[in-house]
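Please read the structure below before turning to the comments.
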Amino acid sequence: MQLTAHQQRVIGCLLEKQSTTPEHYPLSLNSLTNACNQKSNRDPVLSLTEAQVQDTLDELIAQRLVTIDEGLSGRVSKYAHRFCNTEFGNLKLTEQQRAIICLMLLRGAQTPGELRTRSNRLAEFSNVSEVETALNELISQQYVIKHPREAGKRESRYSHLFSDLASEITTEQSETEQPQLKNQEMEELLAEIDELKAELQKIKQHLGL
């Protein structure tokens, strides 16, 4: 499942509002546009028009990731996701996993600490270890990737793999890991050479050479 940036924002907003304001879910086009353009809990902050959100919804409806409840007798049409945990799809997530994916769709790559702090309205995590456990489960299912820890940072960041840039991310990560492996192998070889030199020196001294 490869989503554009606008599709990620729309799906993330539908997931979020389903949990935080269930009384207003499904969402109207106006409500969804406002949610997409929120200045809080969004990275980056967007300024989408209703026409752009409608185009994105039409794309997601064509992919069977969103359903529309068309308004009758003057009622406003409402939109709901079929991204996960529905009878129509195969993607089944726990409440904690769903919260993590939702936050990543809305805010991009984040650390376990950030995810725990920001998830209080979506799911309950007793500690950061619970977040890491959920992240590892998502990694094993190939829904999330762990990025190499940046210099000076205490925690690694994680991001979802539902992006159309996911293949580029995994390629980049494999390329950064390969030099690290080569450096480690070189260090091990140099250490073995030093040991052999030391043994050869002992043999020479024993033979009086």
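The values are calculated or read from the model by the stated rules, or taken from the named source; none is laboratory data. Fair warning: this is a prediction, and the values are worked out from it, not measured in the lab. A quick note on method: Cβ atoms are made from the backbone with ideal geometry, for glycine too, and the neighbour counts reach across all protein chains shown.
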### Message
Kindly evaluate ILE68 against the criterion of being aliphatic (A, V, I, L, M), touching a Phe, Trp or Tyr at 6+ places or on another chain (Cβ under 9 Å) and outside the structural domain of TYR143 (by TED's automatic domain parsing).
### Response
yes
### Summary
Within the range 56-80, restricting to residues that are among the charged types (D, E, K, R) and in contact (Cβ under 8 Å) with a residue 12 or more places away in the chain, the one that is surrounded by the most Cβ atoms within 10 Å (Cβ to Cβ) is LYS78
### Task
Name the one entry in GLN96, GLN18 that is under 30 Å from GLU132 (Cα atoms), touching a residue at least 24 places away in the same chain (Cβ under 8 Å) and within 18 Å of the chain's Cα centre (by Cα).
GLN96
### Query
Do we have LEU105 as surrounded by 21 or more Cβ atoms within 10 Å (Cβ to Cβ) and either among the acidic types (Asp, Glu) or within 17 Å of GLU16 (Cβ to Cβ) (or both) here?
yes
#### Entry: Pairs, first closer than 18 Å to ARG82 by Cα in the range 23-42, second in a strand (DSSP E or B) and among the small types (Gly, Ala, Ser), C-beta under 8 Å, six or more apart
TYR25/ALA80; PRO26/ALA80; LEU27/ALA80
### Task
Inspect all residues belonging to the range 105-123 and state whether any of them is without any contact (Cβ under 8 Å) to a residue 24 or more places away in the chain, out of contact with any Pro (no Cβ under 7 Å at 6 or more places or on another chain) and in a loop (DSSP other than H, G, I, E, B).
yes
